[in-house]
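Colleague: Shown below is the structure under consideration.
The values are calculated or read from the model by the stated rules, or taken from the named source; none is laboratory data. It should be emphasised that the depicted structure is a prediction, and the values quoted were computed from it without experimental measurement. Cβ sites come from the backbone with ideal geometry, for glycine too, and all protein chains shown count toward neighbours.
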Amino acid sequence: MQRFSPQHKDRGFSLVELMVGIVVAMAAVIVVTQIFRVAEGQRRTTSGGDDAQTTGAIAISLLQRDLRQAGQGFSNQQMLDCQLRLGNGRTLSELVPVFINPAGIPAGDDDTDVLVISYGSGWGAPEGTLINSQPGAATYAMAATQPFQMGDRVIATPSARAANCILDLTSLAAAPVAPNVQVTLGTANVSGGALFNLGRTPRFVAYAVRSGQLTACDYLTQDCTSGDPANWSEVADGIVSLRAEYAKDTTMPRDLSVDGYDQTSPTTWCGWSRVVGLRLVVVARNRQPEKAAVTASAPGWAGSAPISFATSNPDWQLYRYKTFETTVPLRNVPGAGEPAFISCPP
């Protein structure tokens, strides 16, 4: 007998089935893409906010640290508001704890302020050490030599403040041998004056917002009168605004309490003695822009100086911002009961 096996036809997907499968797959891809897009937007917003929070906190912390020390070693009538020659060919136009927008330093980004903060690190008394006599052009006979060590930066002042007050920053040329202190650059006619010790690492540093970064320039090592980026070191990225105002005591006599805020820099040592603090704000921005506008208006703060980004960045509304505002008291201003300052007019 012959056996016959049934014939089977091999069948695949029809064109209609293929088209339906492609449509279903495309729909799945679209759904997955949308989910990924939403998740990525949330991630960008979260991480961008974290970036702004971190960099802003770093920036305000560094500024607060310097401001707490501002004026250390020279908040004295003999030195306050004097010109200071730094010994490197550069001159600090006014020796004060903090200066807002000083002349000679290029401005930062639009609608931002420049700060110059100065302080010493010495162990000497804030009123200086008496210079009994001047045996040589660069040698001072001191009432005490204990506050001075080799390498300290010092400033010698005469017994009476000159009308045109110009001082020199110099350093000890050798270890003190009582009663003498020898410096590398002497100041004439300072017998009866005082020698102020600013320590080995005094700071005269300028802060400015440049190209969306908080930058710093050290007067002792860089040329801060130049806007060359090589002279300005990055402190924090993503900082788009720095604004500041002096906190002033205008009471007669002084009581070291804040009576008002403004950006007007005093023009006399007496006026500087009434600056008892600094109000400032730092604005940080997230790194990546959003797809659509997320910020309707620029951040505000308690001060009168405006915060604006429209000129420097036309796409500023696509970013999120964090604002850090504080008022830092200047701890090294002369006390309210000091005779030289108590009757100082506003």
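Colleague: Name the residues in region 110-142 that are part of a loop (DSSP other than H, G, I, E, B) and among the β-branched types (Val, Ile, Thr), would you?
Modeller: Listed by number, the residues that qualify are Thr112, Val114.
Colleague: Just checking, which of Ile155, Ile100, Ile117 is at pLDDT 95 or above, buried (at least 16 other Cβ atoms within 10 Å of the Cβ) and under 30 Å from Pro314 (Cβ atoms)? Steps first, please.
Modeller: On the way: Ile155 fails: under 30 Å from Pro314 (Cβ atoms); Ile117 fails: under 30 Å from Pro314 (Cβ atoms).
After ruling out the rest, the residue left standing is Ile100.
Colleague: Considering only residues that are of a type in the set (A, V, I, L, M), over 29 Å from the mean Cα position of the chain (by Cα) and under 20 Å from Ala125 (Cβ atoms), which ones fall in region 152-174?
Modeller: As a first pass, look at region 152-174 and keep what is of a type in the set (A, V, I, L, M): 154-156, 160, 162-163, 166-167, 169, 172-174.
So of that shortlist, the ones also over 29 Å from the mean Cα position of the chain (by Cα) come out as 160, 162-163, 172-174.
Correct list: Ala160, Leu172.
Colleague: With respect to Gly71, determine if the residue is assigned to a loop (DSSP other than H, G, I, E, B), under 18 Å from Glu338 (Cα atoms), out of contact with any Gly (no Cβ under 7 Å at 6 or more places or on another chain) and not hydrophobic (A, V, I, L, M, F, W, C).
Modeller: Working: assigned to a loop (DSSP other than H, G, I, E, B): yes; under 18 Å from Glu338 (Cα atoms): yes; out of contact with any Gly (no Cβ under 7 Å at 6 or more places or on another chain): yes; not hydrophobic (A, V, I, L, M, F, W, C): yes.
Against the criterion (assigned to a loop (DSSP other than H, G, I, E, B), under 18 Å from Glu338 (Cα atoms), out of contact with any Gly (no Cβ under 7 Å at 6 or more places or on another chain) and not hydrophobic (A, V, I, L, M, F, W, C)), Gly71 qualifies.
Colleague: If you check Ala107, Ala103, which single one turns out to be in a loop (DSSP other than H, G, I, E, B), free of Cβ contacts under 8 Å to residues at least 12 places away in the same chain and under 30 Å from Gln213 (Cα atoms)? Steps first, please.
Modeller: On the way: Ala107 fails: free of Cβ contacts under 8 Å to residues at least 12 places away in the same chain.
Just a single option satisfies the conditions, and that option is Ala103.
Colleague: Could you list, in sequence order, all residues of region 248-270 that are within 19 Å of Arg331 (Cβ to Cβ) and of a type in the set (A, V, I, L, M, F, W, C)?
Modeller: Correct list: Leu256, Val258, Trp269.
Colleague: Just one of (1) closer than 23 Å to Arg68 by Cβ; (2) part of a helix (DSSP H, G or I); (3) in contact with a helix residue (DSSP H, G or I) (Cβ under 8 Å, 6 or more places away or on another chain) trips up Gly271, so point out which.
Modeller: Against the list (1) closer than 23 Å to Arg68 by Cβ; (2) part of a helix (DSSP H, G or I); (3) in contact with a helix residue (DSSP H, G or I) (Cβ under 8 Å, 6 or more places away or on another chain), Gly271 comes up short only on (3).
Colleague: Quick one: how many residues across region 166-198 are among the aliphatic types (A, V, I, L, M) and part of a strand (DSSP E or B)?
Modeller: Within region 166-198, the subset among the aliphatic types (A, V, I, L, M) is 166-167, 169, 172-175, 177-178, 181, 183, 185, 188, 190, 194-195, 198.
Those still in the list that are part of a strand (DSSP E or B) too: 166-167, 169, 172, 177, 181, 183, 194-195, 198.
Residues flagged as among the aliphatic types (A, V, I, L, M) and part of a strand (DSSP E or B) within region 166-198 amount to 10.
Colleague: Shifting gears a bit: Which of (1) among the aliphatic types (A, V, I, L, M); (2) farther than 30 Å from Gly212 by Cα; (3) in contact with an Asp or Glu (Cβ under 8 Å, 6 or more places away or on another chain) is the odd one out, the single condition Ala178 does not satisfy?
Modeller: (3)
Colleague: Has region 228-248 got at least one residue that is exposed (fewer than 14 other Cβ atoms within 10 Å of the Cβ), touching a residue at least 40 places away in the same chain (Cβ under 8 Å), part of a loop (DSSP other than H, G, I, E, B) and of a type outside the set (Ser, Thr, Tyr)?
Modeller: Let us first name the residues in region 228-248 that are exposed (fewer than 14 other Cβ atoms within 10 Å of the Cβ), namely 228-230, 234.
Still in the list and also touching a residue at least 40 places away in the same chain (Cβ under 8 Å): none.
For region 228-248, residues exposed (fewer than 14 other Cβ atoms within 10 Å of the Cβ), touching a residue at least 40 places away in the same chain (Cβ under 8 Å), part of a loop (DSSP other than H, G, I, E, B) and of a type outside the set (Ser, Thr, Tyr): absent.
Colleague: Could I ask something else about it? Here is a list of conditions, (1) more than 25 Å from Val114 (Cβ to Cβ); (2) in contact (Cβ under 8 Å) with a residue 60 or more places away in the chain; (3) surrounded by fewer than 16 Cβ atoms within 10 Å (Cβ to Cβ), and Ser211 meets all of them except one; can you say which number that is?
Modeller: Only one criterion in (1) more than 25 Å from Val114 (Cβ to Cβ); (2) in contact (Cβ under 8 Å) with a residue 60 or more places away in the chain; (3) surrounded by fewer than 16 Cβ atoms within 10 Å (Cβ to Cβ) is unmet by Ser211, namely (1).
Colleague: Can we say Thr225 is modelled with pLDDT under 95, under 30 Å from Met150 (Cα atoms) and surrounded by fewer than 22 Cβ atoms within 10 Å (Cβ to Cβ)? Spell out the reasoning first.
Modeller: Working: modelled with pLDDT under 95: yes; under 30 Å from Met150 (Cα atoms): no; surrounded by fewer than 22 Cβ atoms within 10 Å (Cβ to Cβ): yes.
No.
Colleague: Can you pull out every residue in region 320-346 that is out of contact with any helix residue (DSSP H, G or I) (no Cβ under 8 Å at 6 or more places or on another chain) and surrounded by 18 or more Cβ atoms within 10 Å (Cβ to Cβ)?
Modeller: Val333
Colleague: Would you please list the contacts, defined by Cβ atoms under 8 Å and residues six or more apart or on different chains, that run from a residue in region 325-341 that is in a loop (DSSP other than H, G, I, E, B) to a residue that is surrounded by 14 or more Cβ atoms within 10 Å (Cβ to Cβ) and of a type in the set (Lys, Arg)?
Modeller: Within 8 Å, the pairs are Arg331/Arg68; Ala336/Arg254.
Colleague: For region 50-75, enumerate the residues that are among the polar types (S, T, N, Q) and either in contact with a Cys (Cβ under 8 Å, 6 or more places away or on another chain) or surrounded by 22 or more Cβ atoms within 10 Å (Cβ to Cβ) (or both).
Modeller: Filtering region 50-75 down to residues among the polar types (S, T, N, Q) leaves 53-55, 61, 64, 69, 72, 75.
Answer for region 50-75, where residues must be among the polar types (S, T, N, Q) and either in contact with a Cys (Cβ under 8 Å, 6 or more places away or on another chain) or surrounded by 22 or more Cβ atoms within 10 Å (Cβ to Cβ) (or both): Thr55, Ser75.
Colleague: Looking at (1) in contact with a helix residue (DSSP H, G or I) (Cβ under 9 Å, 6 or more places away or on another chain); (2) at pLDDT 85 or above; (3) under 25 Å from Asp50 (Cβ atoms); (4) surrounded by fewer than 14 Cβ atoms within 10 Å (Cβ to Cβ), can you tell me which one Lys291 breaks?
Modeller: Unmet for Lys291, out of (1) in contact with a helix residue (DSSP H, G or I) (Cβ under 9 Å, 6 or more places away or on another chain); (2) at pLDDT 85 or above; (3) under 25 Å from Asp50 (Cβ atoms); (4) surrounded by fewer than 14 Cβ atoms within 10 Å (Cβ to Cβ): (2).
Colleague: Given (1) buried (at least 18 other Cβ atoms within 10 Å of the Cβ); (2) more than 30 Å from Asp259 (Cβ to Cβ), identify the lone condition not met by Ile307.
Modeller: (2)
Colleague: Let me ask another. Among the residues of region 252-261, is any part of a strand (DSSP E or B), surrounded by 15 or more Cβ atoms within 10 Å (Cβ to Cβ) and modelled with pLDDT of 95 or more? Spell out how you get there, then give the answer.
Modeller: Applying the first criterion (part of a strand (DSSP E or B)) to region 252-261 yields 260-261.
Add one more test, that the residue is surrounded by 15 or more Cβ atoms within 10 Å (Cβ to Cβ), and what stays is 261.
In the following step, the residues that additionally are modelled with pLDDT of 95 or more were identified as 261.
Looking for residues that are part of a strand (DSSP E or B), surrounded by 15 or more Cβ atoms within 10 Å (Cβ to Cβ) and modelled with pLDDT of 95 or more, one finds at least one in region 252-261, hence yes.
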